[in-house]
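**Student:** This is the structure I want to talk about, given as structure tokens.
The values are calculated or read from the model by the stated rules, or taken from the named source; none is laboratory data. Treat the numbers as computed from the prediction; the structure is a model and nothing was measured. Here Cβ is always computed from backbone atoms with ideal geometry, including for glycine, and neighbour counts include all displayed protein chains.
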Amino acid sequence: MDMEEQDIPGRLLVTAYGDGGFRVLGKRYEGSILVTPDEVLAWPVDAQVDFANLDITPFRALAGKVDILLIGTGEQHKALPSAVRQQLQDAGISVDFMATGPACRTFNVLQAEGRPVAVALIAVD
């Protein structure tokens, strides 16, 4: 799904999602991704991820660098198990879970406001 194109110098924005990937600043990324304030990284999960056993290792480096980590859970919103939420909070990371589409839009709004934010997005078809 294409999203409203915005060009905010110095800010990574998700401009499309679907067909198993994303477009960030005009570049196509296949599969799930982690977008930090300065880079786009592959995130090796898919819609079948077991959130109760989510590996938070890729997120630990974000502690102190972002106000919030958004996690797009795929087509549907999936709840974050309290144990995983606690692990992230203990690592100094505030997190919010939502479906991938709303996570893309929320990330872009926070980026446009100049907020330090990251988003982990599960690819959707």
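**Student:** Give me the residue from segment 42-79 that is small (G, A, S) and under 15 Å from I122 (Cβ atoms) and, out of that set, modelled with the lowest pLDDT.
**Tutor:** Applying the filter and picking the extreme gives A79.
**Student:** Moving to a separate point now. Find all pairs meeting these conditions: Cβ atoms under 9 angstrom apart; at least six residues apart or on different chains; first residue within segment 80-102 and farther than 16 Å from A120 by Cα; second residue of a type in the set (V, I, T) and surrounded by fewer than 18 Cβ atoms within 10 Å (Cβ to Cβ).
**Tutor:** Pairs that qualify, where the first residue is farther than 16 Å from A120 by Cα and the partner is of a type in the set (V, I, T) and surrounded by fewer than 18 Cβ atoms within 10 Å (Cβ to Cβ), are Q87/I56; A91/I56.
Results for (1) surrounded by 12 or more Cβ atoms within 10 Å (Cβ to Cβ); (2) assigned to a helix (DSSP H, G or I); (3) in contact with a strand residue (DSSP E or B) (Cβ under 9 Å, 6 or more places away or on another chain), shown as yes or no for each residue.
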site: V49; (1), (2), (3): yes, no, no
site: A63; (1), (2), (3): yes, no, no
site: V66; (1), (2), (3): yes, no, yes
site: I71; (1), (2), (3): yes, no, yes
site: H77; (1), (2), (3): yes, no, yes
site: Q86; (1), (2), (3): no, yes, no
site: G101; (1), (2), (3): yes, yes, yes
site: L110; (1), (2), (3): yes, yes, yes
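**Student:** Separate question: If you go through segment 17-42, how many residues are under 13 Å from the mean Cα position of the chain (by Cα), of a type in the set (G, A, S) and surrounded by 13 or more Cβ atoms within 10 Å (Cβ to Cβ)?
**Tutor:** 3
**Student:** Sticking with this one: Given the criterion outside any loop (DSSP other than H, G, I, E, B) and within 13 Å of the chain's Cα centre (by Cα), identify the matching residue among V119, V45.
**Tutor:** V119
**Student:** Additional query: Which numbered condition in (1) closer than 19 Å to R11 by Cα; (2) in contact with a Lys or Arg (Cβ under 8 Å, 6 or more places away or on another chain); (3) crowded, with 20+ Cβ neighbours inside 10 Å is the only one that V95 fails?
**Tutor:** (1)
**Student:** Kindly indicate whether V49 is in contact with a Ser or Thr (Cβ under 6 Å, 6 or more places away or on another chain), over 17 Å from R11 (Cβ atoms) and in contact (Cβ under 8 Å) with a residue 60 or more places away in the chain.
**Tutor:** no
**Student:** Which of the residues spanning segment 18-35 are in a loop (DSSP other than H, G, I, E, B) and at pLDDT 95 or above?
**Tutor:** Within segment 18-35, D19, G20, G31, S32 meet the criteria.
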